[in-house]
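The values are calculated or read from the model by the stated rules, or taken from the named source; none is laboratory data. Everything quoted here is computed from the prediction, not taken from an experiment. Ideal geometry is used to build each Cβ from the backbone, glycine not excepted, and the neighbour counts take in all protein chains shown. Surface accessibility is based on the protein's heavy atoms, side chains included, excluding ligands, DNA and RNA. Shrake-Rupley method; radii C 1.70, N 1.55, O 1.52, S 1.80 Å.
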Amino acid sequence: IEVTPTKKSARNESLRLSAFLRDFPRIANKPVEELNRRDVALWRDARLQTVTAASVVREWNSLSAVYTHAQKVWGLSLPQNPFRLIKRPNVSKSRDQRITKDDATAIVAALSYSPGTRPKLKREFAAWAFLFAIETAMRAGEILKLQPDDVAGKLATLRDTKNGHDRTVPLSAAARDLLALVDLPLPLSSGTLDALFRRYRPPELAHLHFHDTRHEALSRMAKKIQNPMDLAKISGHRDVRILLNTYYNPDGAHLADFAGLAFEVLVVMPTTRCKTIA
């Protein structure tokens, strides 16, 4: 009631906390000062039986934050945070899923959208958003929040993004063509977009997530934008290391293009002579 509603991820965090209260009443109803590492371990192991380690870590962060808030803000005299006394689940490496042209075509077709036409049905708008995300590297929520005044020529301004800062994104010719087909804002909620994408994507592409469009878009952009700082400005990453390690995923053919660069540099460098200091 006090903290979660102020967060951009308020809906998801509310769902996580509500599920904890519902599914683990013995721990949830325990006086907070009596919560111990064994309780956390039992909860962790039970959740790992039904969800991924990454999901457990997200829930872990929310629950640990509650305990810390009680200590530092409410001033409760509590023992050490039990979430910091045991080992977190090991999370697998970041996703590096690319989306091929055939993948994109199959997903758009499954959503019954004909590229180049004005979307009318909600699932057609979902397909449009999917294509637009691949062109711009925008998050789903950023696309859905776009207003007419946010677009000016070849640029789109994203307001109050995930990290709390506005940012400007260049619009390719394909992105501008897509924008000409719709009126902003799109008639979709974040939950509806996610549900439609999951429902209609082909079974053989069930491993693809809508958010993979961001990875795909940034990997494509990285081939054309050589300065990682420029790419970070577009993506909105405050830490370039996260951008490079998580989202930038060039294919082998692209990396092979750099194989001869070092040799070429050596060939063109002029020969210099060094003077010996007596």
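Using the Cβ-Cβ distance between R84 and M229 with R0 = 25 Å, the FRET efficiency computed as 1/(1 + (r/R0)^6) comes to roughly 0.10. For the stretch 77-150, the list of trypsin sites (Lys or Arg not before Pro) that fall in a loop by DSSP and count at most 10 other C-beta atoms within 10 angstrom reads K87, K93, K120. With all protein chains in place and a 1.4 Å probe, the accessible surface of the stretch 106-153 carries 56 percent carbon and sulfur.
The 3J(HN,Hα) values that the Karplus relation (6.51, -1.76, 1.60; θ = phi - 60°) gives for the stretch 136-144 are, in residue order, 10, 6, 6, 6, 4, x, 5, 5, 5 Hz. Gly and Pro appear as x. Pairs spanning more than 27 Å between alpha-carbon atoms, out of K7/K233; K162/K223; K101/K154; K7/K120; K72/K145; K7/K224: K7/K120; K72/K145; K7/K224. Subtracting the Cα-Cα distance of Q49 and A206 from their residue separation scaled by 0.36 nm leaves 54.4 nm.
Shape class for the stretch 1-144, computed from the alpha carbon gyration tensor (a ≥ b ≥ c): prolate, with a/c not under 1.5 and a/b above b/c.
Here the label points at W74 and R38, each 7 Å from Cα along the C-beta direction, are separated by 2.4 nm in the simple model.
Based on protein heavy atoms only, the stretch 1-113 ends up with 64 Å² per residue of surface accessible to a 1.4 Å probe. Taking label positions 7 Å along the Cα-Cβ direction at both D194 and A174, the computed distance is 2.6 nm, reported to one decimal.
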